[in-house]
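Working notes, beginning with the structure itself.
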Amino acid sequence: MISRDSYRQIDLYAPDRSPCATDLSDNTNLWGVPPHAARAVREAHASAVTRYPSLYAAELKGALAKAAGVSADMVVTGCGSDDVLDSAIRAFTEPGDRVAVPHPSFAMIPIFARMNGLEPVLVPLSNGTALDADAMLATAARVIYLCSPNNPTGNLLDAGEVARVVREAPGVVIVDEAYVDFADADALDLLDSSDRLLICRTMSKAYGLAGLRMGYALGAPALVAEVEKSRGPYKVNALAERAALAALREDGPWVREHVAEAVANRERLADELRAREIEPLPSAANFLLAPVPDAADMAALLRARGVAVRPFVDLPAIGDALRISVGPWEMMQAFLDAFDDASGEVACS
Ligand code: PMP
């Protein structure tokens, strides 16, 4: 075999992404592209395609820093936050080190760990959703990953417990805030007291730019500089940089309006599910996790009715569940109609 030994334990990340009339499977912005970002792409000069982009997206770092209220040397960008997370995990570890990851959480983190010759250590969330700070710290891992709001459970992690992990961890702590725009709390204030905290964010969710791949992280200048080395040059393409700049400078009202609608629709969808005796987990993100008896089966029935959601099987303390992205109400209604129809089929069989 010519592959690396450690790569044999890696499965290709390949969820079912075949086209579906109503795709509620990836938590992107289902209202579309912010208008100024769309115009920036449409009107881009040919050199955005023919020439290399900027090395480390300096102008964009300035705009991201301004939006977050930090200095530009506290920002690192990447080709999606996937790239930033991968680079960060690599930057602060030696092959063979451990990366502590709550379970369940973002499925790519154990894969990035293995891709970098590291050992992912999965630490169950208490009662299925709560950060177990003692267990995370007990791993003594060189990198501790946390996700808040957490994917797929949707809840914010307890701020005091996150602060304790950041304070007591022996190495770097990554707090993934991909869904922070939909929540009413973040970990930014911890940056003042820790030079080993990296807060990772993305423009793929609230900002509607998933296809362009633009993610970033905030942290102490020396920390961010290491991630940038590990990441390498030219990772944010020129169209992504232009669109992200336009979105940050001019699409704030559009983003805020649709975040508010997502939050309202999330609560309305939760009510509709409860009326069907499904109790979704409390969510601070743009998706709901709804426990169901047989998630794989239900997801297949929904897909056959033109609705894609993400099934999770046998989650600790939760069991099977569907993760449903929240979008415009017509899409939520399409989901509910398909769900009612599919439930009818399950009941008859
Ligand atoms: N973190 C979390 C928690 C996510 O759910 C995702 C995407 N599903 C990402 C990071 C990666 O996002 P992107 O690479 O598009 O920035």
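The values are calculated or read from the model by the stated rules, or taken from the named source; none is laboratory data. From a predicted model like this one, the values you see are computed outputs, not experimental measurements. Every residue, glycine as well, gets a Cβ built from its backbone with ideal geometry; the counts of neighbours run over all protein chains shown. For accessibility, only protein heavy atoms count, side chains too; no ligands or nucleic acids. Shrake-Rupley method; radii C 1.70, N 1.55, O 1.52, S 1.80 Å.
Looking at Gly32 and the list (1) of a type outside the set (Phe, Trp, Tyr); (2) loosely packed, with under 15 Cβ neighbours inside 10 Å; (3) more than 14 Å from Leu209 (Cβ to Cβ), which single condition is not satisfied? Among (1) of a type outside the set (Phe, Trp, Tyr); (2) loosely packed, with under 15 Cβ neighbours inside 10 Å; (3) more than 14 Å from Leu209 (Cβ to Cβ), the lone unmet condition for Gly32 is (3).
Of the residues in segment 92-100, at least one is open to solvent by less than 10 Å² (accessible area, probe 1.4 Å), over 21 Å from Ala243 (Cα atoms) and away from the ligand (no atom under 13 Å from the Cβ). Within segment 165-184, being over 14 Å from the mean Cα position of the chain (by Cα) and within 16 Å of the ligand (Cβ to nearest atom) holds for one residue alone: Val173. Would you pick out the residues in segment 186-202 that are within 16 Å of the ligand (Cβ to nearest atom) and out of contact with any strand residue (DSSP E or B) (no Cβ under 7 Å at 6 or more places or on another chain)? Passing the criteria: only Asp186.
Within segment 61-82, identify whether any single residue is within 30 Å of Arg142 (Cβ to Cβ), among the acidic types (Asp, Glu), touching a strand residue (DSSP E or B) at 6+ places or on another chain (Cβ under 9 Å) and open to solvent by 30 Å² or more (accessible area, probe 1.4 Å), and answer yes or no. Checked against the condition, which is being within 30 Å of Arg142 (Cβ to Cβ), among the acidic types (Asp, Glu), touching a strand residue (DSSP E or B) at 6+ places or on another chain (Cβ under 9 Å) and open to solvent by 30 Å² or more (accessible area, probe 1.4 Å), segment 61-82 yields at least one hit.
Within segment 262-281, the set of residues being open to solvent by 40 Å² or more (accessible area, probe 1.4 Å) and part of a loop (DSSP other than H, G, I, E, B) comprises Arg276, Glu277, Glu279.
Against the numbered list (1) at positive phi; (2) out of contact with any helix residue (DSSP H, G or I) (no Cβ under 8 Å at 6 or more places or on another chain), Gly69 comes up short only at (2).
Taken over segment 35-56, the criterion of being surrounded by 12 or more Cβ atoms within 10 Å (Cβ to Cβ) and more than 16 Å from the ligand (Cβ to nearest atom) is satisfied by Pro35, His36, Ala38, Arg39, Ala40, Val41, Ala44, Ala48, Pro53, Ser54, Leu55, Tyr56. Scanning segment 204-237 for residues that are in contact with a Cys (Cβ under 8 Å, 6 or more places away or on another chain) and open to solvent by 20 Å² or more (accessible area, probe 1.4 Å) yields Arg213, Tyr216, Lys235, Asn237.
For segment 203-224, a residue qualifies if it is more than 16 Å from the ligand (Cβ to nearest atom) and among the hydrophobic types (A, V, I, L, M, F, W, C), and the qualifying residues are Ala220, Ala222, Leu223, Val224.
If a residue must be small (Gly, Ala, Ser), closer than 22 Å to Leu223 by Cβ and either in a helix (DSSP H, G or I) or touching a helix residue (DSSP H, G or I) at 6+ places or on another chain (Cβ under 6 Å) (or both), how many such residues does segment 119-143 contain?
1
Scanning segment 123-153 for residues that are of a type in the set (A, V, I, L, M, F, W, C), out of contact with any strand residue (DSSP E or B) (no Cβ under 8 Å at 6 or more places or on another chain) and open to solvent by less than 10 Å² (accessible area, probe 1.4 Å) gives a single hit, Ala133.
Looking only at residues in segment 107-122 that are within 16 Å of the ligand (Cβ to nearest atom) and crowded, with 22+ Cβ neighbours inside 10 Å, which one is farthest from Met214 (Cα to Cα)? Result: Ala113.
Among the residues of segment 247-261, those identified as surrounded by 18 or more Cβ atoms within 10 Å (Cβ to Cβ) and assigned to a helix (DSSP H, G or I) are Ala247, Leu248, Trp254, Val255, His258, Val259. Given the condition more than 24 Å from Ala264 (Cα to Cα) and open to solvent by 90 Å² or more (accessible area, probe 1.4 Å), answer yes or no: does some residue in segment 18-28 qualify? Yes, segment 18-28 has at least one match.
The sole residue among Pro316, Pro282, Pro291, Pro311 that is in contact with a His (Cβ under 7 Å, 6 or more places away or on another chain), within 23 Å of Ser148 (Cα to Cα) and of a type outside the set (Asp, Glu) is Pro316.
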